[in-house]
Every structure is written in C-alpha cells, then in structure tokens.
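Q: Before I ask anything, let me first share the structure, which is written out below as structure tokens.
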Amino acid sequence: MFETLRKAWQIADIRKKLLYTLFMIIVFRFGSAITVPFLDATAVGSWMTTNATDGNFLEYLDTMTGGALSKATIFSLSITPYINASIIIQLLTYALPPLERLQQEGEEGRKTLNKITAAVSLGLAVFMSIAYYFTLKNSMKAINPDYSSGWKQYFAATVIVVSFIAGASLVVWMGNRINDNGIGNGVSILLFAGIVARFPTDLGNLIHLTKSDPNPYLFVSIGVLLFFAFMIGFIVFMNESERRITIQYAKRVVGRKQYGGQKSHIPIKICMSGVMPIIFAMSFMSLPSTIQLFKPLKQGVTTGFYYHFCKFFSTRSPWYAAIYFLLIIGFNYFYVSMQYNPIEIANNLRQSNGGIPGIRPGKPTSDYIQRVLSKITLVGAFFLGVIAIIPIFISMADSNLASLSMGGTSILIVVSVALETTRTLESQMMMRHHKGFLQ
C-alpha cells in the first residue's frame, strides 16, 4: 500500500487529487472539534463515558463519527445518516420493482438512486438531530441553563438541530467532492479518517494502564497489540481470498473464423458482504440498550422480568456475544443472497455458450453455484463473527479494556477502506501508464 502511495505521489495529476483529499480530511477533523452553540461539551463527554461502553449502540455511533458524538460538535452525526440511507435504499432495491429497474438502467439509474439516497439521508439527519437534541436536553442535561426556558429555549433548539443537520449534509457534500476531485471513495475515506482518529486515544489508554499498573498490564498491552497486528493481517488475507469457479466457453464458427473455446472463471469473494452484517447485527442488538436509555433500571432492583431482560442483553453477558455471533451469520447469508442470484448467473452462462466443466447447464449449474456460495458464505460469516466478538470477550475479561470492544469492527472497516483505496489508486495509475495500441 505504501509503495502504491509513493508511486501515485510521483504523478502530478494524482498528487493533486491526494492533496485535495487530504485537505477535505483536515476540514472534516476541524469540524469534528467545533462544539455546537448552547451546549456543555463537558457534560456530554462525561455522560457518554458512562453510557457509551462495552460496544453498545452509543459506542458504535461514537466510533462511526470519530468521537464527534461524545463532543457534541457540528459533525456529531457525521456520515451515519448517509450510511443508514444507503443500507435502506440497497435493501429496498431488491424489494421494490421500480428501484430495481433504476438499478438496471446503468449510469442514469444510479444517478437517480443517488438522489433518492440523498433525500432519505436528509430525512434521517432531521430525525436523528431532533432525537439527539432531546437526549442532550433530558438525559445529558447539557443545554445551557440560560437557554432552557421561554423563547430562548426554542431559539437554542433551532440552532442546535440545524447545526447537526447542516453538519451531516456538509459531510456528505465533502464525500461527493472527494469522489469528483479527489481519489474517490469519498464517504468511505471520511469514515476511515474518523475511526483512525480514535486509535491514539485507545493507545493512550493502554499506555496509561501500563504506567499505572505495569505488573499485569505490560504483558496485556503487548498481547493486545500483537493480537490486533495479527488481526490486520488476517483481515487482509480474508479480503483478498476468493473461490474461483472455472468456466469453459464452447467453440463456434462464424464464416471462416472460430470464436470461443477459452477458459475463464467466476470469482466469489469469501468476505463479499464486508462489514454490513456486523452493522445489521449491531443495530438489532442495540434495541435493548436503547430501551434502557429511556427507562433505566431502578437502583437496588434485582428481580423482575425487566431486570432479567436487561441482564440477558447486557454487553457483558456471554449470551449477548452468542446471539450477536449468530445474528452476524444470519445477516451475512441474507446480504449475500441479495448480492448473488445463482439462477441468473446460470442463465447468463447458457446464453453466452459457457458452462462449468462436468456440470450440466440450467438447474444443475445454479444448484452447484448455490452449494459453493453457501460454503463460502459460511466461512465469511464465521470470519466476521470472530472479528466482532473477540474484542467483546477481551473487554468482558477486564473492564479497563472496555474501550477495545469495538476494536475488531473498527479495524475491519479501516483495512477494507485502505485496500479499496489502494485498488482505486492502482487503477488510476494503470490508466495513465497505458501505452496504447500504436506502440
């Protein structure tokens, strides 16, 4: 990856794109440090430190925003509304025929889908901004007391909500500008920048624990760092791994020329669904913790259905990790089933005079592809599940390491974005070094 960046920097056109992308990242980080007016950032930070722990939904949102949510900055929502809107539209594309037709219309259809996604993202930003304002007001008590009553209350509420909405819209705009004038993958790069910005904080926590109590935490810190280094290598290996189904095309004669007869393959990525199953599972598992935010447990109560319900879905419960793991596997199969249609692949192979050696065309081909897909999906699902739950078990073993509970998901996102950006740079360099057909 570093060699690719070095070679890309030597090309003037790509160097301008890299500098433009870096400028947008710097602006994004500055916006993540500007607190919204009329809010007490200290109260927000202390409340988030208490409640956004052990990999719950609040910590997930704070991780996705690069820590901006816990600081109540203008970029508190970051790209979260856009990611949620993209997931919703992607799911509806396979459920609603009009959206499916738009997806099949090529570039114009994709532009229309992008406009629909932007509109849904704006609606979600409005909803999340209002919800976050009431959380700031009622739970965090972070609104300036001088603006908590009378007409000042409505003025402050309008400014706070509009600031969150504007920040979310500005982040999407910056991502689009990176797509147009930068190196591409704009929204992913901003997500990458936000998550990477939290790594020094987690590393600082390990250093602080090691200094305060070096006897156990020196070896623990070294073990954690080695484990995450191994995890990065494992993620890279799994992201690049694929199962190739051999395809043989039949020979055909047109006039005096013979066409076809060559071999090819269908590549099936082991981890084709990326981080989406983890996001789906996290959203589902966050419902109990979200209910607890609005109806917390009473102190001293250790009986009753609600107590056992909250204890069962606590992030420190082994049942939570087990259900989380099973949901990741289930959502992985669900997401892959939407991405790959074995029947359609088999029909396309038949129309192009291709086939799998030793497998008859038609239903036997689709059944064979389905069997291969099921095995590959299971391997990818177990990979995602292990990446997601091992840091949770680390935090369960030691509460001082609770900040690492989102480490696996964060590293998975960061490595995936880095690999995708590297491939984008390589393709841009290849276009500029192509000698053409006349040399």
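The values are calculated or read from the model by the stated rules, or taken from the named source; none is laboratory data. All figures in this text were calculated on a predicted structure; none of them were measured in a lab. All Cβ positions, glycine included, derive from the backbone under ideal geometry; neighbour counts span all protein chains shown.
Q: If you go through region 369-395 one residue at a time, how many are over 20 Å from the mean Cα position of the chain (by Cα), crowded, with 19+ Cβ neighbours inside 10 Å and modelled with pLDDT of 80 or more?
A: Number of matching residues: 3.
Q: Within the bounds of region 345-363, is there any residue that is outside the structural domain of ASN84 (by TED's automatic domain parsing), under 31 Å from the mean Cα position of the chain (by Cα) and surrounded by fewer than 13 Cβ atoms within 10 Å (Cβ to Cβ)?
A: The answer is no; no qualifying residue exists.
Residues are listed down the side, and each one gets a yes or a no for (1) surrounded by 22 or more Cβ atoms within 10 Å (Cβ to Cβ); (2) outside any helix (DSSP H, G or I):
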{"site": "ALA8", "(1), (2)": "no, no"}
{"site": "LYS17", "(1), (2)": "no, no"}
{"site": "TYR20", "(1), (2)": "no, no"}
{"site": "PHE28", "(1), (2)": "yes, no"}
{"site": "THR49", "(1), (2)": "no, no"}
{"site": "GLU59", "(1), (2)": "yes, no"}
{"site": "SER76", "(1), (2)": "yes, yes"}
{"site": "PRO81", "(1), (2)": "yes, no"}
{"site": "GLN90", "(1), (2)": "no, no"}
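For (1) assigned to a loop (DSSP other than H, G, I, E, B); (2) over 30 Å from ALA397 (Cα atoms); (3) not hydroxyl-bearing (Ser, Thr, Tyr), each residue gets a yes or a no:
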| residue | (1), (2), (3) |
| --- | --- |
| LYS311 | no, no, yes |
| TYR324 | no, no, no |
| ILE329 | no, no, yes |
| PHE334 | no, yes, yes |
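Q: What helices (runs of 4 or more DSSP H) lie completely within region 143-233 and have 2 or more residues being exposed (fewer than 12 other Cβ atoms within 10 Å of the Cβ) and not assigned by TED's automatic domain parsing to the domain that holds ALA131?
A: Output list reads 199-212.
Q: Let me ask you something else. Quick one: count up the residues across region 404-423 that are of a type in the set (Ser, Thr, Tyr) and either surrounded by fewer than 21 Cβ atoms within 10 Å (Cβ to Cβ) or at pLDDT 80 or above (or both).
A: 3
Q: Further question: Only one of ALA156, ALA197, ALA193, ALA168 is in contact with a Pro (Cβ under 7 Å, 6 or more places away or on another chain) and within 29 Å of PRO81 (Cα to Cα); which?
A: When all the criteria are applied, what remains is ALA168.
Q: Across region 92-119, what is the number of residues that are of a type in the set (A, V, I, L, M, F, W, C) and surrounded by 14 or more Cβ atoms within 10 Å (Cβ to Cβ)?
A: Here the count works out to 6.
Matching residues to (1) over 26 Å from PHE164 (Cα atoms); (2) modelled with pLDDT under 85; (3) touching a helix residue (DSSP H, G or I) at 6+ places or on another chain (Cβ under 9 Å):
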{"residue": "PHE2", "(1), (2), (3)": "yes, yes, no"}
{"residue": "PHE30", "(1), (2), (3)": "no, no, no"}
{"residue": "ALA52", "(1), (2), (3)": "no, yes, yes"}
{"residue": "ILE83", "(1), (2), (3)": "no, yes, yes"}
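Q: Also, quick follow-up: Of the numbered conditions (1) more than 23 Å from the chain's Cα centre (by Cα); (2) not in a helix (DSSP H, G or I), ALA33 fails exactly one; give the number of that condition.
A: Going through (1) more than 23 Å from the chain's Cα centre (by Cα); (2) not in a helix (DSSP H, G or I) one by one, ALA33 breaks only (1).
Q: Give me the residue from region 304-353 that is in contact with a helix residue (DSSP H, G or I) (Cβ under 8 Å, 6 or more places away or on another chain) and of a type in the set (Ser, Thr, Tyr) and, out of that set, nearest to PRO277 (Cα to Cα).
A: Checking each candidate, the answer is TYR335.
Q: Taking region 92-144 on its own, how many of its residues are in contact with a Ser or Thr (Cβ under 7 Å, 6 or more places away or on another chain) and free of Cβ contacts under 8 Å to residues at least 24 places away in the same chain?
A: 4
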